[in-house]
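Q: I'd like to ask you about the structure that follows.
The values are calculated or read from the model by the stated rules, or taken from the named source; none is laboratory data. Fair warning: this is a prediction, and the values are worked out from it, not measured in the lab. We place every Cβ from the backbone using ideal geometry, glycine too, and count neighbours over all the protein chains shown.
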Amino acid sequence: MTLFSVPRLRGAFFFLLICIPALAVAHPHMQFTSTAEFVWDEKKLSGVYLEWVFDPYFSADIIRGYDLNGDGLFNKAETKAVYEGAFTYLKNYNYFTFISQKDRREMAKTVEQFSVSQKKGLLLYRFFIDLSSWAPGTIRLAVYDYTFFCDVRYPDKNPVALLYEKALVSPSWEIRENQDNPVYYDPFGSVDDTSVYYTWKKGLETYYPREIWIHYE
């Protein structure tokens, strides 16, 4: 099952992203909240589980399109169908996830352990991003859509969780708007433009990502 062969998903944002370019200019058309659960393996940061909770409209499209037996759950086959038809396309947009440390800036290229569920009619995606190659210190992670088609927010309550052994490491976190490392975007770029700009040029607008800062030694 692919995105392009599922007519029931015509309201989903991926369909809009492909088929209605005019809607993708300069303002968002769907919304989700993103929480982060950072996990340590002894003294080493292993990675982060991101959990996205989608707005009711996108949720309804995916639930209706993929929960084929209507039991309110996603079995193994349905989860695979969601992954292939309504998630993997995000690799073209770096899964909306950006990591940095000092002068090192990278985008998420792969994810693991994808799962999908629903709660009270809202769709949840959960997946893992490996951060084991990052050194101790301060690591910054931001989740945002640089095409500004999706409005991504951190929830006011419990946006970050840290799982670690207190005897081995003492991490802390904060959320900050990074004024020192802006991202630039073209508000009138084509709908299939996946460019990420870290240097300003004429015609680009400026965005300051809200980043989760993880501190640990």
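Q: The conditions are (1) at pLDDT 90 or above; (2) within 21 Å of the chain's Cα centre (by Cα), and M30 fails exactly one of them. Which is it?
A: All conditions pass for M30, except number (1).
Q: Working carefully through the options E78, E42, find the one that is modelled with pLDDT of 95 or more, of a type in the set (D, E) and either surrounded by 14 or more Cβ atoms within 10 Å (Cβ to Cβ) or touching a strand residue (DSSP E or B) at 6+ places or on another chain (Cβ under 7 Å) (or both).
A: Working: E42 fails: either surrounded by 14 or more Cβ atoms within 10 Å (Cβ to Cβ) or touching a strand residue (DSSP E or B) at 6+ places or on another chain (Cβ under 7 Å) (or both).
Going through E78, E42 in turn, the sole match is E78.
Q: Just to confirm my filter: which strands (runs of 3 or more DSSP E) fall fully inside segment 110-149 and include at least 2 residues that are of a type in the set (S, T, N, Q) and in contact with a strand residue (DSSP E or B) (Cβ under 9 Å, 6 or more places away or on another chain)?
A: Details: elements: 112-119, 122-130, 137-143.
Output list reads 112-119.
Q: Let me ask another. On the basis of being outside any strand (DSSP E or B) and surrounded by fewer than 17 Cβ atoms within 10 Å (Cβ to Cβ), does D193 make the cut? Walk me through it before giving the result.
A: Numbers: outside any strand (DSSP E or B): yes; surrounded by fewer than 17 Cβ atoms within 10 Å (Cβ to Cβ): yes.
Criteria met by D193.
Q: Oh, and also: Tally the residues that are of a type in the set (D, E) and closer than 13 Å to A142 by Cα, restricting the search to segment 40-50. Walk me through it before giving the result.
A: Residues of segment 40-50 that are of a type in the set (D, E), as a first pass: 41-42.
Restricting the remaining residues to those that are closer than 13 Å to A142 by Cα gives none.
Final tally of qualifying residues: 0.
Q: Another question, then. Just name the residue that is surrounded by the most Cβ atoms within 10 Å (Cβ to Cβ) out of those in segment 176-190 that are out of contact with any Leu (no Cβ under 6 Å at 6 or more places or on another chain) and farther than 14 Å from F149 by Cα.
A: V183
Q: Can you tell me which of N94, N69 is part of a helix (DSSP H, G or I) and either more than 18 Å from L141 (Cα to Cα) or in contact with a strand residue (DSSP E or B) (Cβ under 7 Å, 6 or more places away or on another chain) (or both)? Even if it seems obvious, please write down each step before you answer.
A: Values: N69 fails: part of a helix (DSSP H, G or I).
Just one listed residue meets the conditions, N94.
Q: Answer yes or no as to whether K157 is free of Cβ contacts under 8 Å to residues at least 40 places away in the same chain and either within 20 Å of the chain's Cα centre (by Cα) or not in a loop (DSSP other than H, G, I, E, B) (or both). First the steps, then the outcome.
A: On the way: free of Cβ contacts under 8 Å to residues at least 40 places away in the same chain: yes; either within 20 Å of the chain's Cα centre (by Cα) or not in a loop (DSSP other than H, G, I, E, B) (or both): yes.
Yes.
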